Amino acid sequence: MIFLAGCKNERVNNLTENYQSIVNNQTKADDLITKSVDIAECDRLKLPYRLQGSFSLALNMNSVKDTLGLECLRVNGKSVYSVHKFSNDNGEEGYCFISYESEVVIDSWFVIKIPSRSDFKKIKKKETTLEQIKQLDPATIVFDADEPISYHRFADGTMMEVRYQNNGVTTIVKDYGISKDPANIVKSLLPIDLMLVK
């Protein structure tokens, strides 16, 4: 763990030489990654940008290496990210993309297939259930903050935040909103990785 404030590194892409030496932009992720992790084991690594930034202590690449492994590290322009395989509660396989800035984790995105923004625009407050949301995005993770919440990213660089409530029978959508993805992780992926989730 390191403090976010102390991360000024003048190296290319802000990676130390140790990590620059393992960057591989050419090989397919499936040929590099040797294990798939259970999404439940990822703890703080599954937090998206808006929640990751709420901690005073930040996770770094060493934390990711120790927890998930760091077999597939990519650099795309100024963007640095790693690719990991995961399985959800239903045993469906997907990919986790973790973004870094100065070797500090700033965002993560678990995805099986990029969800359709037009499908998400059809959800209805007080009607659409969490189970229906999971059908639209099978990699849905619900975070229990002040109220249950999930985040869903789309191919155009936007994201939807969905808040839930329990109506006594099931969990339903309370409210939602679409905004620009502050981490813009979809747009940062190399084509070789974007194809994994299209």
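The values are calculated or read from the model by the stated rules, or taken from the named source; none is laboratory data. Being a predicted model, the structure only gives us computed values, none of them experimental. Heads up, the Cβs are rebuilt from the backbone with ideal geometry, glycines too, and the neighbour counts pull from every protein chain shown.
Here the condition is being closer than 18 Å to Met195 by Cβ and either part of a strand (DSSP E or B) or touching a strand residue (DSSP E or B) at 6+ places or on another chain (Cβ under 8 Å) (or both); of Lys85, Lys124, it holds for Lys85 alone. The listed residues are Glu93, Glu131, and the only one of them that is within 22 Å of Leu190 (Cα to Cα) and of a type in the set (Asp, Glu) turns out to be Glu93.
For Ile106, the conditions (1) in contact with a Ser or Thr (Cβ under 7 Å, 6 or more places away or on another chain); (2) not assigned by TED's automatic domain parsing to the domain that holds Ser79 are fulfilled apart from (2). Checking Val173, Val169 one by one, the residue that is more than 16 Å from the chain's Cα centre (by Cα), crowded, with 20+ Cβ neighbours inside 10 Å and among the hydrophobic types (A, V, I, L, M, F, W, C) is Val173 and no other.
Within segment 181-196, if we keep just the residues that are part of a helix (DSSP H, G or I) and aliphatic (A, V, I, L, M), the residue that is surrounded by the most Cβ atoms within 10 Å (Cβ to Cβ) turns out to be Ile185. For Ile192, the conditions (1) touching a helix residue (DSSP H, G or I) at 6+ places or on another chain (Cβ under 8 Å); (2) without any contact (Cβ under 8 Å) to a residue 60 or more places away in the chain are fulfilled apart from (2). Residue count for segment 134-151 under the criterion of being at pLDDT below 95, in contact with a strand residue (DSSP E or B) (Cβ under 9 Å, 6 or more places away or on another chain) and assigned to a loop (DSSP other than H, G, I, E, B): the result is 6. Residues that are surrounded by fewer than 16 Cβ atoms within 10 Å (Cβ to Cβ), closer than 14 Å to Cys42 by Cα and either of a type in the set (Asp, Glu) or at pLDDT 90 or above (or both) within segment 70-104 comprise just one, Asp89. Scanning segment 115-129 for residues that are surrounded by 15 or more Cβ atoms within 10 Å (Cβ to Cβ), touching a residue at least 40 places away in the same chain (Cβ under 8 Å) and closer than 23 Å to Gly157 by Cα turns up Arg117, Phe120, Ile123.
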